[in-house]
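**Q** Just dropping this structure here.
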Amino acid sequence: MEYLVAQDRFETEGFVLRSYLPGDGAKLFEAVDASRDHLAPWMPWIEAHSDAEASERFVRQARGKFLLARNFILAIFPPDESELWGGCGYHLREGGLKNRAAEMGMWIRASQAGRGLGTRVLEAMIRWGFAEWPWLRLTWHCDGRNLASYRVAEKAGMRLEGTLRRHFEARDGERRDTRCYAILKEEQAEA
C-alpha cells in the first residue's frame with residue numbers, strides 16, 4: 001500500500017476528530033498559547049506556534065500531508081467545534097503505509113486535561129484505526145516521566161513493549177527514557 005484515501009473525520013457524542021482545515025490556525029494558536037506551561041515539559045514543538053499566522057501555516061501543511069498520505073494529523077474539537085481541545089494523529093514512523101503500522105500521538109489543552117478526554121480519544125483512535133484505517137499495529141511513545149501519557153496508553157489497553165533508556169535529550173538538556181506501547185488489531189477486542 002503506497003497511498004490511502006484516509007477518512008478525515010470521526011465523530012462521537014463527546015468530541016470530533018478531524019483533519020485540520022485552512023482557517024483552523026487561530027483556534028490552534030489559542031489552544032497552544034493557553035496551554036504553554038502545561039505542554040512545555042513534553043512538547044517541544046509548541047515554540048513553533050509563536051502566533052496565529054505560524055499556526056495557520058502549520059494547519060495548511062498538515063492538511064497537505066494528510067491529503068498526500070504522508071502524515072495523518074488530526075484536531076480534537078468539542079461537537080460544536082467552537083474551540084480546539086487538542087491534537088492527535090497517526091504518524092508514519094512505524095514503517096509507513098506498506099507496513100500497515102502507525103505511531104499515535106496526542107496533546108490535550110490545559111483546560112481539558114485531567115478529565116478523561118485523552119483516554120477517550122485514544123480509545124476512539126484505536127477503534128477507528130482498526131475499523132476504518134489499514135492499521136494492523138498501533139504504537140504510542142512517551143517520555144518516561146510523563147505519567148499522564150503512559151497511564152492513558154495503559155487505560156486504553158495498550159501493552160508496554162519496553163523502555164528505551166536515556167533515548168532522547170529533553171529541552172532541559174537531560175537525557176530521558178521513552179516508554180513504548182503497542183496494540184495489535186487482533187488484541188483490540190481484549191482492550
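The values are calculated or read from the model by the stated rules, or taken from the named source; none is laboratory data. Bear in mind that the values here come from a model prediction, so they are computed numbers and not experimental data. Heads up, the Cβs are rebuilt from the backbone with ideal geometry, glycines too, and the neighbour counts pull from every protein chain shown. Just the protein is used for accessible areas: all its heavy atoms, side chains included, with ligands, DNA and RNA removed. Shrake-Rupley method; radii C 1.70, N 1.55, O 1.52, S 1.80 Å.
**Q** At a probe radius of 1.4 Å, what is the per-residue accessible area of R9, in Å² to the nearest 10?
**A** Counting only protein heavy atoms, R9 exposes about 90 Å² to solvent.
**Q** On to the next question. Run the dipole for the chain about the Cα centre, Lys and Arg Cβ at +1, Asp and Glu Cβ at -1, nothing else charged, and hand back the magnitude in debye, nearest 20.
**A** Using only the charged Cβ atoms, the result is roughly 560 debye.
**Q** Per DSSP H run of at least 4 residues, take -39500 (n - 2.57); add these up for the chain, divide by its residues and hand me the 222 nm value, nearest 500 deg cm²/dmol.
**A** Calculated from helices alone, the mean residue ellipticity at 222 nm is -9000 deg cm²/dmol.
**Q** If I stretch the segment between S82 and A131 completely, what's the gain in nm (0.36 nm per residue apart, minus their alpha carbon distance), one decimal?
**A** Roughly 14.9 nm would be gained on extension.
**Q** If you take the square roots of the eigenvalues of the alpha-carbon gyration tensor of the chain and sort them as a ≥ b ≥ c, do you get rounded (a/c under 1.5), prolate (a/b over b/c) or oblate?
**A** Note, shape of the chain comes out rounded.
**Q** Oh, and also: Which of the aspartates and glutamates could a cross-linker span from K155 if the Cα-Cα distance has to be under 19 Å and same-chain partners fewer than 8 positions apart are dropped?
**A** Of all the aspartates and glutamates, those that pass the test against K155 - Cα under 19 Å, at least 8 places apart if same chain - are E103, E123, D143, E186, E187, E190.
**Q** Okay, next question. Cross-link partners among lysines for K98, C-alpha distance below 27 Å, same-chain residues fewer than 8 apart left out?
**A** K65, K185
**Q** Could you provide, to the nearest whole Å², the per residue accessible area of the chain with probe 1.4 Å?
**A** 51
**Q** Given a 1.4 Å probe and heavy atoms of the protein chains only, how would you sort M43, M125, largest accessible area at the top?
**A** M43, M125
**Q** Work out, step by step, the length gained on full extension between A52 and N99: first 0.36 nm times the residue separation, then minus their alpha carbon distance; give nm to one decimal.
**A** Value of the extension gain: 13.3 nm.
**Q** Then there is this: Quote the accessible area belonging to H49 in square angstrom, nearest 10, computed with a 1.4 Å probe and with ligands, DNA and RNA left uncounted.
**A** Estimated to the nearest 10 Å², H49 gives 10 Å².
**Q** Classify segment 101-191: rounded, prolate or oblate, from the alpha-carbon gyration tensor (a ≥ b ≥ c, eigenvalue square roots; a/c under 1.5 rounded; otherwise prolate if a/b is larger than b/c)?
**A** oblate
**Q** For segment 35-150, what is the percent of antiparallel DSSP beta bridges, rounded to the nearest 5?
**A** Among the beta bridges of segment 35-150, antiparallel pairing accounts for roughly 75 percent.
**Q** Rounded to the nearest 20 debye, what is the charge dipole size of segment 1-69 about its Cα centre when +1 sits on each Lys and Arg Cβ and -1 on each Asp and Glu Cβ?
**A** Its charge dipole is roughly 220 debye.
**Q** Just in segment 1-74: which GluC sites (Glu not before Pro) are loop by DSSP and have at most 10 other Cβ atoms within 10 Å?
**A** E2, E13
**Q** Could you tell me which residue out of G116, H49, G105 lies farthest along the dipole of the chain toward its positive end? Charges go on the beta carbon: Lys and Arg +1, Asp and Glu -1, centred on the Cα centre.
**A** Result: G105.
**Q** While we're here: Rank these by accessible area, largest first, 1.4 Å probe: I46, I73.
**A** The residues order as I73, I46, largest area first.
**Q** Put R165, R120 in order of accessible area, largest first, 1.4 Å probe: what do you get?
**A** The ranking, largest first, comes out as R165, R120.
**Q** To continue, here is another question. Run the 1.4 Å probe and let me know the accessible area of Y3, rounded to the nearest 10 Å².
**A** Surface open to solvent at Y3 totals about 120 Å².
**Q** Contour minus end-to-end for T12 and T178, with contour as 0.36 nm per residue of separation and end-to-end as the Cα-Cα distance?
**A** Between T12 and T178, full extension yields an extra 56.7 nm.
**Q** Based on Cβ point charges of +1 for Lys and Arg and -1 for Asp and Glu, what charge dipole magnitude is obtained for segment 87-173 about its Cα centre, in debye rounded to the nearest 20?
**A** The calculation lands at about 100 debye.
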